[in-house]
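Colleague: Let me begin by handing over the structure; questions about it come next.
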Amino acid sequence: MGMPNDDAVLIQKGKKPGEPYVITINCPDQTGLGCDICRTILDFGLYITKGDISTDGKWCYILLWVVPHSSSLIVRWTSLKNRLLSVCPSCSVSFFFNQQPTSPSSSPVYLLKFCCLDRKGLLHDVTQVLCELELSIQRVKVMTTPDGRVLDLFFITDNMELLHTKQRQDDTCEQLYAVLGESCVSCELKLAGPEYESHPASSSFPPIIAEEIFRCELSDTEVRSQALSPVMAKLKKANVTIDNSLSPSHTLVQIHCVDQKGLLYDITRTLKDSNIQVSYGRSSPATKGYRDLDLFIQQKDGKKIVDLEKQSSLCSRLKVEMLHPLRVVIADRGPDTELLVANPVELSGKGRPRVFYDVTLALKTLGICIFSAEIARHSTSDREWEVYRFLLDENCQFPLSNMVARNLIVDRVRRTLMGW
């Protein structure tokens, strides 16, 4: 199967400063392509202000208007184009005779191990370097020693597929030394060995914590108990309606909900995991914090969704996934205070981009040091979750045993994750 044509992805800069970049994608279609594209854009720290998609089931045409979510963000637009090209199906003739998507070969996992003196914001600064280098964090183990040093183990993959070269490895270590400065004691980067397989890939929780973090929806009790910001009340207000009267061959899904930076990703991944194809879709710009979307969809067999139970199930799942995609909880872990963040994993096994980046940014902004951190997976009866666990340092300006302080931490982390 050949590579996508270079013209399959075009990125055009806005005519005036501050105007969105326009991404045009013109390539063969396949179920889940929209999800893969939205995930890639989210991974680069970009926010989709509006979008249009049209497909005849064989070929698709996508227009997306995007802006950096932060003014300080460095966006490598050429790298973004290359990444988008990598998720586009091939333009070769053979594609149309065999449209079963091929399983991509997994990237090799590397171990980045470094030791340095601890300081506030250290973990986020390291994470920012890895994001800018397009290195994805698969697992992490962060430990603080009694003498004030930090030993960090990052299991990473390279989105550029160049980490096997000495130049790429040297560049990575040099970037880290530039950030860590003289506080860095050692830095080592090598292909992960048995330590990756032996590193815990799953995580367990007390039943009461599991019930709170993996519940199907954000309950009224949770909203009240966490005393979250007024914007959280908007999460309970969303409309998802289905109409089969406007098209003889498609079901129209209309969505009106509060906007957040990963909204289109959450909608498209839900449809992808449900084997639903979007034939035409339009996402309007946000108005007063709300977004409207119209999606004409079909089932995998090319038919409308006429079964009322399937319609209700799809509406309910869309509401949960787009309004409550990330779970944030603070709990006691023995004598310590632990921050837990969880997000659902796609059926393909891929997790949500930039979660570790956003959480460490929120904690750095609050001036909270992280005593230890790890990423693991957790399976419930119906899905797999990616779970981020942070033991918080008690020696900070927040009295972590105080409920008001805990609520402030949860609120700031959730707002950062949602882009508010």
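Colleague: Can you run phi through the Karplus equation (6.51, -1.76, 1.60; θ = phi - 60°) for the stretch 273-281 and list ³J(HN,Hα) in whole Hz, with x for Gly and Pro?
Modeller: The phi angles translate into 5, 9, 6, 10, 9, 8, 8, 8, x Hz.
Colleague: Now for a separate question. For labels at LEU246 and ASN5 in the simple 7 Å Cα→Cβ model, what's the distance in nm?
Modeller: Placing both labels 7 Å beyond Cα along the Cβ direction yields 3.2 nm.
Colleague: Cα gyration tensor of the stretch 243-359, axes a ≥ b ≥ c as square roots of the eigenvalues: rounded (a/c below 1.5), prolate (a/b > b/c) or oblate?
Modeller: It is prolate, given that a/c is not under 1.5 and a/b is the larger ratio.
Colleague: Normalised by the residues of the stretch 105-187, what does the relative contact order come to in percent, with Cα pairs under 8 Å and at least six apart? Kindly include the intermediate steps, with their values, before the conclusion.
Modeller: Working: 111 pairs, mean separation 35.2, N = 83.
Relative contact order for the stretch 105-187 comes out at 42 percent.
Colleague: Pairs LYS15/LYS261; LYS272/LYS319; LYS272/LYS364: which exceed 25 Å Cα-Cα?
Modeller: Violating the 25 Å Cα-Cα cut-off are LYS272/LYS364.
Colleague: Please give the charge dipole size of the chain, origin at the Cα centre, charges +1 on K and R Cβ atoms and -1 on D and E Cβ atoms. Round to the nearest 20 debye.
Modeller: That gives a dipole near 980 debye.
Colleague: When we measure straight from the Cα of LYS120, which aspartates and glutamates land under 19 angstrom away, once same-chain ones fewer than 8 places off are left out?
Modeller: Result set, ordered by chain and number: ASP147, ASP152, GLU182, ASP336, GLU338, ASP358, GLU374, ASP393, GLU394.
Colleague: Also, quick follow-up: Under a 5 Å amide H to amide H cut-off, with H placed in plane at 1.01 Å, what residues pair with TYR290 once short-range neighbours are removed?
Modeller: The list, which skips near neighbours in sequence, is ASP259.
Colleague: I need the calculated FRET efficiency for the pair ALA210 and TRP77, taking r as the beta carbon distance and R₀ as 56 Å, to the nearest 0.05.
Modeller: Taking R0 as 56 Å, the efficiency between ALA210 and TRP77 is 0.85.
Colleague: Still on this model: What accessible area per residue, rounded to a whole number of Å², is obtained for the chain using a probe radius of 1.4 Å?
Modeller: Heavy-atom SASA per residue in the chain reads 47 Å².
Colleague: Counting only protein heavy atoms, what percent of the accessible surface of the chain is carbon or sulfur at a 1.4 Å probe?
Modeller: Carbon and sulfur: 53 percent of the exposed surface of the chain.
Colleague: In the stretch 1-55, which trypsin sites (Lys or Arg not before Pro) fall in coil by DSSP and have 12 or fewer other Cβ atoms within 10 Å?
Modeller: Passing sites in the stretch 1-55 are LYS13, LYS15.
Colleague: I would also like to ask the following. So what's the net charge close to SER203: Lys and Arg +1, Asp and Glu -1, counting the other residues with Cβ under 9 Å from its Cβ?
Modeller: +1
The values are calculated or read from the model by the stated rules, or taken from the named source; none is laboratory data. Treat the numbers as computed from the prediction; the structure is a model and nothing was measured. Note: ideal-geometry Cβ built from the backbone for every residue, glycine included; neighbour counts use all protein chains shown. These area figures cover heavy atoms from the full protein model, side chains too; ligands, DNA and RNA do not enter into them. Shrake-Rupley method; radii C 1.70, N 1.55, O 1.52, S 1.80 Å.
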